[in-house]
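Asks: Below is the structure I would like to discuss, written out as structure tokens.
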Amino acid sequence: MTQIDRYILVLFLRTFAVCFASLSGIVVVFHAFTNMSDLMELADSRGVSISLVMFEHYGPYLLLLFDWTGAIIALMALLFVVGWLRRTGELTATLSAGISHGRIFRSMILAALALVLVQLASRELLLPSMRDALSLKSKDLSGDAPQPILPSYDKISGILLEGESIRPRSKVIVHPSFRLDGDYPGFGDALVAESAEWLPASIQHAEGYLMQQVEFPEQIDQLPSTGTADRLVLTTSMDHDWVKPGQCFVATPVNAEILQTDQSSTRLCSSWNLYKRLRNPAVHNSMATTMLLHERIMRVPLDFSLFLLGLPLVINQRGRNLFTMIGAAIGMVMLFFILKTAGSALGGAGYLLSPPVAAWMPMIVLGPLAYMRLREVETL
């Protein structure tokens, strides 16, 4: 890397940081002022400072904002850097030495690719661990207020999982009412309790819900555990010591995230978790979930293609000023997202295109064009 490469790289990264900090500041200030009373109430209840609460609350959101806007800000940073180099005459002097545009912009292209890969790492490793914080509403900063429940059917066990509401952070169903369609002698057609807590799989049991204060069947402690031919589904205290009187454990792979009507947590989970959900035979998955997984796979090449599509705008062979280039870049970004949104809508609804084809459609259209733009810049 030459000295001019380091100079351009530092200028590009500094411009990117300033643009992202400005956007983040606007978002945080606007939201904090409209929800300051809720933030102060939460700080008082925890006995900590308001600054710590704001850091815990807005830190994950800034990471999500970076995931949403990283590629667009990188494109805008490219336009500003080239505009600055042209204004100071440094670009003209470098070109007069016989160096092509592609060689001058190489450091920024590699930096943009690195930023896209950082987005990928953040999306797959960091954001999934922050789903609870990112799913909070402005009036629910504690993250455990009851939310409506989405009834879901376990196709393996023949159980319809319903309830009054669900607490997302503690993963507890309030007043669960599980409808039993399978053959479970003595249990009747329903399981009703005061609450049901989701438990991951352990040595003692599979994943499922531990129901507390079972109301129906009334003689739950006198009923033996039962299930299908190859797996135990309903576990009682009659023959399992870890289940206390008045409790009943229901083994099911339909976890608490699937039961939430707010599906933002699904969009924030990792691609591996999405794949496992689609492979879960007990859960019905919509085509929109399949479309989401394929969009995740295509996200990196599409984001990098968006940056490459902006390269010819900065060559400026027609003498356009900086604001004209920014306007052209905005139009290109709008076209890019219109194409992605159309593909997502068609694939998610299963209309005309299947989810894999709909996810690949923007790349099929934009990929060759982005490559042609890159080759064009390298030869000029």
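The values are calculated or read from the model by the stated rules, or taken from the named source; none is laboratory data. Model, not experiment: these values are computed from the prediction. Positions of Cβ are generated from backbone atoms using ideal geometry, with glycine treated the same way; all protein chains shown enter the neighbour counts.
Asks: Looking at region 241-261, which of the residues that are at pLDDT below 90 and exposed (fewer than 15 other Cβ atoms within 10 Å of the Cβ) is farthest from LEU293 (Cα to Cα)?
Replies: The qualifying residue farthest from LEU293 (Cα to Cα) is ASP241.
Asks: Take the residues in region 273-287 that are touching a helix residue (DSSP H, G or I) at 6+ places or on another chain (Cβ under 8 Å) and not in a loop (DSSP other than H, G, I, E, B), then tell me which one is nearest to LEU353 (Cα to Cα).
Replies: The selected residue is MET287.
Asks: Something else: Among the residues of region 195-235, which ones are over 15 Å from GLY246 (Cβ atoms) and among the aromatic types (Phe, Trp, Tyr)?
Replies: TRP198
Asks: VAL243 versus (1) of a type in the set (Val, Ile, Thr); (2) touching a helix residue (DSSP H, G or I) at 6+ places or on another chain (Cβ under 7 Å); (3) part of a loop (DSSP other than H, G, I, E, B): which is the lone unmet condition?
Replies: Looking at each condition in turn, VAL243 falls short on (2).
Asks: Does region 85-103 contain at least one residue that is loosely packed, with under 13 Cβ neighbours inside 10 Å, touching a Leu at 6+ places or on another chain (Cβ under 9 Å) and under 26 Å from LEU23 (Cβ atoms)?
Replies: Yes, because at least one residue in region 85-103 is loosely packed, with under 13 Cβ neighbours inside 10 Å, touching a Leu at 6+ places or on another chain (Cβ under 9 Å) and under 26 Å from LEU23 (Cβ atoms).
Asks: Same structure, new question: Mind checking which residues of region 168-180 are surrounded by 18 or more Cβ atoms within 10 Å (Cβ to Cβ) and basic (Lys, Arg)?
Replies: LYS171
Asks: Only one residue in ARG123, ARG106 is over 30 Å from TYR275 (Cα atoms) and in contact (Cβ under 8 Å) with a residue 60 or more places away in the chain. Which one?
Replies: The conditions single out ARG106.
Asks: Could you tell me whether region 59-72 includes any residue that is without any contact (Cβ under 8 Å) to a residue 60 or more places away in the chain, surrounded by fewer than 14 Cβ atoms within 10 Å (Cβ to Cβ) and of a type in the set (Ser, Thr, Tyr)?
Replies: No, because not a single residue in region 59-72 is without any contact (Cβ under 8 Å) to a residue 60 or more places away in the chain, surrounded by fewer than 14 Cβ atoms within 10 Å (Cβ to Cβ) and of a type in the set (Ser, Thr, Tyr).
Asks: Whether any residue in region 303-322 is of a type in the set (Asp, Glu), at pLDDT 80 or above and either within 27 Å of GLY102 (Cβ to Cβ) or not in a helix (DSSP H, G or I) (or both) is what I want to check.
Replies: yes
Asks: Search region 174-192 for residues being part of a strand (DSSP E or B) and among the hydrophobic types (A, V, I, L, M, F, W, C), and hand back the single one that is farthest from LEU232 (Cα to Cα).
Replies: My answer is VAL174.
Residues are listed down the side, and each one gets a yes or a no for (1) in a helix (DSSP H, G or I); (2) touching a helix residue (DSSP H, G or I) at 6+ places or on another chain (Cβ under 6 Å); (3) under 29 Å from VAL333 (Cβ atoms):
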site	(1), (2), (3)
PHE16	yes, yes, yes
SER22	yes, no, yes
VAL28	yes, yes, yes
VAL53	yes, yes, no
GLY83	yes, yes, yes
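Asks: Sticking with this structure for a sec: Answer yes or no: is there a residue in region 24-35 that is polar (S, T, N, Q) and within 19 Å of ALA112 (Cα to Cα).
Replies: The answer is no; no qualifying residue exists.
Asks: Let me ask something else. Give the number of residues within region 213-240 that are in a loop (DSSP other than H, G, I, E, B), small (Gly, Ala, Ser) and in contact with a Leu (Cβ under 8 Å, 6 or more places away or on another chain).
Replies: Final tally of qualifying residues: 1.
Asks: Moving to a separate point now. Do we have any residue at all in region 199-220 that's touching a Gly at 6+ places or on another chain (Cβ under 7 Å), at pLDDT 90 or above and loosely packed, with under 15 Cβ neighbours inside 10 Å?
Replies: So far as region 199-220 goes, yes, one or more of its residues are touching a Gly at 6+ places or on another chain (Cβ under 7 Å), at pLDDT 90 or above and loosely packed, with under 15 Cβ neighbours inside 10 Å.
Asks: So, one more: Are there any pairs, at least 6 apart or on different chains, whose C-beta atoms fall under 6 Å, with the first in region 287-310 and not assigned by TED's automatic domain parsing to the domain that holds MET363 and surrounded by 21 or more Cβ atoms within 10 Å (Cβ to Cβ) and the second in a helix (DSSP H, G or I) and small (Gly, Ala, Ser), and if so, which?
Replies: none
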